[in-house]
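Below is one structure, written out as structure tokens; the observations come after it.
Where a number appears in this text, it was derived from the coordinates with a stated rule and is not lab data. Quantities reported herein were computed from a predicted structural model and do not represent experimental measurements. Note that each Cβ is placed from the backbone with ideal geometry, even for glycine, and that neighbours are counted across all protein chains shown.
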Amino acid sequence: MSKKIAEPTTLPKQRAFLVGVEIHGQEALLSLEDSLEELSRLADTAGLEVVGETSQRLEHPHPETYVGSGKVEEIKALVEETLADVVIFDNELSPRHLRELEERFGNHVQVIDRTTLILDIFAQHASTREGILQVELAQYEYRLPRLTRAWTHLARQTGGGGGRAGRAGGVGLRGPGETQLEVDRREIRRRIAVLKAELEKVRAHRMRYRAQRRRSEIPVISLVGYTNAGKSTLLNSLSNAGVYVANQLFATLDPVTRRVELPQGHRVLFTDTVGFIQKLPTQLVAAFRATLEEITEADLLIHVVDSSHPNALAQWRAVQQTLIEINADHIPVITAFNKIDLLTDADELGSLLEEIPNAVTISAQKRIGLSNLLAMVEERLFEVLLPVRVHIPYQQGRFISLFHEQGQVEQVEHGRGGVTIQGQIPGRLLTRFRPFFTHNKKQ
């Protein structure tokens, strides 16, 4: 008699209970309810099962437990009722908050915040060496000040998308009088230094690659947008790039660049980059510097917005704020309102178009409006001439030649150390000449 082979079993999902807090006077892009809804989607993306949520509005955070003592007891009861394994706060918690809350809820319940959750998602989705290094650095920099006796030894820690963060190696022998906590802290600092050195090599490689692209005179367009706005779908539709697409937050992390031909025959490079989100952890912004420089060095940005999302305008503002934080707000922008095929109320789109300039409507998935988008890209890069006044040092003679060859020169003044040129240049050259900008005396 043949034995029946047992079907493989799937481990049950961890059960998550969500906590949202609105602090009086703190500016927020999303309402408390909408931010909790986004946190729920983040938890789902991380592979957690959301079993409940609660919220509180406060004048200021409680110094020990962030929420009030009564709320702590309420959350504890709800966690026991829902059999939750993890409590996720939608706000960033201090080391003291984490320590106190875990003591109140019990050792069987893990307490994390929104930043930890986003870092975990990045760790799951990082696939290239660069991505894994960047995520691991962000995790360690966030973990270091929060290291407590509750942490197990580093050798047993997980992270880095199954990559290097979970294999930090042994912590070595302790010195006289050292606690395990001190040894772990020292090991994390050592690992952070190693990661930063490796990422500087990655950054130098990217800089050399970008310099090669500059010499080829092919303009670079970076796709930016809120996570899940449809950037990867757009790149696939424009270039058959084959980028992984999923209806989840942060489906792709690593930059992908593809060549695209515009309607009049000009060739450009489109780069898809990591999506943004409100309350994007500062550790991620710092760790992903090499990747985000793909945005700051672009000639043009296409800001992809999910026009069907109820918080489309708030998401647009969140991205604009992040562009300011990474010093990319000077780059010309075209806004592409995506997913118009999912819109049920055309009036909503009309109000968005009135609010935001230089916009075009598209459906990347249905390939609607893409020809209009490419025509606008070509116009901004090659046809529109922008007035500038620059002072270029003589040792940067190639820029002087470039202005004469590609632009329209109106006035030239030779002086000590360099030449001042006033005139007009094509939009695609704006970022290249920006370091030489000077005030126009006629203004």
Rounded to two decimals, the Rg over Rh value of region 385-436 from Cα coordinates and the Kirkwood Rh reads 0.91
Computed over the chain: longest principal axis from alpha-carbon atoms vs helix 180-215 long axis, angle to nearest 10 degrees, is 20 degrees
At 20 °C in a medium of viscosity 1.002 mPa s, the chain has a Stokes-Einstein diffusion coefficient, with Rh taken as the Kirkwood radius over alpha carbon pairs, in µm² per second, of 87 µm²/s
Using the Kirkwood formula on alpha carbons, the hydrodynamic radius of region 283-386 in angstrom works out to 14.8 Å
A chain fully extended from Met207 to Glu33 at 0.36 nm per residue, minus the present Cα-Cα distance, gains in nm 58.4 nm
Taking every other residue with Cβ under 11 Å from the Cβ of Ala286 and scoring Lys and Arg +1, Asp and Glu -1, one gets 0
Proxy exposure order for Phe105, Phe382 (fewest C-beta within 10 Å first) is Phe382, Phe105
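For Ala229, what is the net charge nearby, where nearby means another residue's Cβ is under 12 Å from its Cβ and Lys, Arg count +1, Asp, Glu -1? Mind dumping the intermediate values first?
Values: positive: Lys231, Lys339; negative: Asp272, Asp306.
Neighbourhood net charge equals 0.
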Taking 356-366, 124-134 and ranking on average Cβ neighbours within 10 Å, highest first, one gets 124-134, 356-366
